[in-house]
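A short write-up of the structure that comes next.
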Amino acid sequence: MQLFHYHWWTDKLEDMENFYHQLGFETTIRVGKYNGEMQTFHPPLKWDDFRDKGITFRIIEMVKGQTNITFGHGKKDMFDHIGLLVDETEYTEIMGKAKELNWRINEGDRRTFIFTPWHFKIELQKRNDVISKDKHTFIDTIEIDIPFKENPELIGSLLNLDTYQQNNDQVKVGDNNWNIVLCNSADTRLKSVYFSDGNINESDPVGAHLKSSK
């Protein structure tokens, strides 16, 4: 199992694409509604080719190494989900635990979403081609603000992850390769992302702080 992905809704689409491009991410997909129909605006098209057409982008996907980032049009910045690459055994185990928890599930042929009580989703992805085969730029740690009204250790239990740290303000779960740090907060938000390589220490346009773990 690998943490490879996160998704935002935001009105800062061009700023997000430019920001991540400067970090070495490549745009692979742009899909949006134009003239009432869903259409593609993939590279080599640039923003100068369509900026003023009033396109409502459903998804823009950017990839670097083992990391896949997507964002789509929203009225405000809203963290939507994280994505996990899983095999069939892991998928079956996680789905079974999600059903035991009575969490809402949206199961599809291409991907499955589990709806957590904290108003963000967990995507389960079984297709290996969603990330590059290059073994670099993977997500080491992700920090998520959530209210601790529901026990945050349920995330670790759902994903069969060990709990490394627990107190009133923070719970850390992981599997020795990557970690999820859950921070007690009034609202749900993607707080920080730590990447395996590079020399990063800045915030993206929606306010998530990006850092290199080394």
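The values are calculated or read from the model by the stated rules, or taken from the named source; none is laboratory data. This is a predicted model, so every value here is computed, not measured. In this analysis, Cβ positions are derived from the backbone assuming ideal geometry, glycine residues included, and neighbour counts consider all displayed protein chains.
Structural remarks
- Strands (runs of 3 or more DSSP E) contained in the range 83-189 and holding at least 1 residues acidic (Asp, Glu) and at pLDDT 95 or above: 121-125, 139-146
- Verdict on Phe113 being among the aromatic types (Phe, Trp, Tyr) and in contact with a Ser or Thr (Cβ under 6 Å, 6 or more places away or on another chain): no
- Taken over the range 196-206, the criterion of being surrounded by 14 or more Cβ atoms within 10 Å (Cβ to Cβ) and at pLDDT 95 or above is satisfied by Asp204, Pro205, Val206.
- When the range 127-185 is limited to residues that are hydroxyl-bearing (Ser, Thr, Tyr) and under 18 Å from the mean Cα position of the chain (by Cα), the one that is surrounded by the most Cβ atoms within 10 Å (Cβ to Cβ) turns out to be Thr137.
- Filter result for the condition that a residue is at positive phi and surrounded by 12 or more Cβ atoms within 10 Å (Cβ to Cβ), over Gly74, Gly65: Gly65
- Residue list for the range 1-24, filter: under 26 Å from Asp87 (Cβ atoms) and in a loop (DSSP other than H, G, I, E, B): Met1
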